[in-house]
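Everything on this sheet refers to the single structure shown next.
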Amino acid sequence: MSTANQTPAPLLSLRGIEREFALGETRIRALRGIDLDVAPGEFMAIWGPSGSGKSTLLNLLGLIDAADKGVLRFEGQDVSQLSDDALSDCRNHKIGFVFQSFNLVPVLTALENVALPLQVQGVKAAEVRRRAAEWLGHVGLGEFLDFRPDRLSGGQRQRVAIARALVGAPRLLIADEPTANLDSQTSREVIDLIERLNRETGVTCIFTTHDPRLLARVPRQLRLQDGLISQDSYQEAA
């Protein structure tokens, strides 16, 4: 039987996901029952007001945090059944992270910052340098290999962070407010870059944003409200 028209299995599948936090003697229900499938290669934005659960959901999708209730599957595997070492290995090899504060090591050059994930993976030194330099070229920083973060603009530092997140060829890119500290023009350039890399490499991209101007170019927009997926979330027709 032909499988050409079959829908690919989700990269991420969430069913009944709930997450609570303690605030003094009060319990805060950050997520109240999330059902969500994310297909391989998707380009998706999570948005909503402060306190809606965006960062909590992103941390679950990136396997940084664990749900209190429900099932989250990554590549079909129930992640609650994985050991701490297996979760760490999954994050190191299959997930790249970009943060609004860049999180670059200030004493390292752009090349050395991008090289870090490959060194953690045990890649040989010559291959580490080649791939790190190649990825800095992909994000338009081929002439800035030896620059430390304090010599780069905010947009350039975020490009270094994107190269670092993708140098290990992950399946999933998680970006938490990647344009929050950037001006409008640089924000558009960063989203353009992430969109292009999604298209060229097939990496699944999920990012959070407060900026509605960035949403117009995103084919799937997941709006959170009070820990729930809003009915006005948007997905472009296939």
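Bear in mind these aren't lab numbers, they're just calculated from the coordinates by the rules spelled out. All of these numbers come straight from a predicted model, not from anything done at the bench. Every residue, glycine as well, gets a Cβ built from its backbone with ideal geometry; the counts of neighbours run over all protein chains shown.
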For this session: Looking at the chain, send over the antiparallel percent of its DSSP beta bridges, to the nearest 5.
Result: 50 percent
For this session: Classify segment 181-238 as rounded, prolate or oblate, taking a ≥ b ≥ c as the square roots of the eigenvalues of its Cα gyration tensor: rounded when a/c is under 1.5, otherwise prolate if a/b is larger than b/c and oblate if not.
Result: oblate
For this session: Run the numbers on segment 93-238 and let me know its relative contact order in percent, using alpha-carbon pairs under 8 Å that are six or more apart.
Result: 26 percent
Problem set entry | Antiparallel DSSP beta bridges within segment 164-238, as percent of all bridges there, nearest 5 | 45 percent
Seminar exercise, completed: Using alpha-carbon positions, the gyration tensor of segment 80-233 gives root eigenvalues a ≥ b ≥ c; with a/c under 1.5 called rounded, otherwise prolate if a/b exceeds b/c, else oblate, the class is oblate
Exercise. Hey, what did segment 1-82 get for relative contact order, percent, Cα under 8 Å, at least 6 apart?
Worked result: 38 percent
Problem set entry | Relative contact order (%) - segment 1-142, alpha-carbon pairs under 8 angstrom, separation at least six | 20 percent
Problem set entry | 10 Å Cβ shell holding at most 16 others, DSSP loop, GluC sites (Glu not before Pro): longest site-free stretch of the chain | 144-235
Seminar exercise, completed: Pseudo-spin-label distance Lys94 to Gln77, built 7 Å along Cα→Cβ, given in nm, is 0.5 nm
Seminar exercise, completed: With only helices counted (DSSP H, runs n ≥ 4, each -39500 (n - 2.57)), the per-residue ellipticity at 222 nm for the chain, to the nearest 500, works out to -10000 deg cm²/dmol
Exercise. Lysines within cross-link reach of Lys124: Cα-Cα under 28 Å, excluding same-chain residues under 8 positions apart?
Worked result: Lys94
Problem set entry | Cα-derived Rg over Rh, computed across segment 1-143 with Rh taken as Kirkwood radius | 1.03
For this session: Classify segment 115-177 as rounded, prolate or oblate from the Cα gyration tensor: take a ≥ b ≥ c as the square roots of its eigenvalues, call it rounded if a/c is under 1.5, otherwise prolate when a/b beats b/c and oblate if not.
Result: oblate
Problem set entry | Distribution of pairwise C-alpha distances over segment 34-111, 5 Å bins, in % | 3, 11, 21, 23, 19, 13, 7, 3, 1
Problem set entry | Nearby lysines by direct alpha-carbon distance to Lys69 (threshold 21 angstrom, same-chain neighbours under 8 apart not counted) | Lys54
Problem set entry | Phi to ³J(HN,Hα) by Karplus 6.51 cos²θ - 1.76 cosθ + 1.60 over segment 121-130, Hz, x for Gly, Pro | 6, x, 5, 5, 4, 5, 5, 4, 5, 4
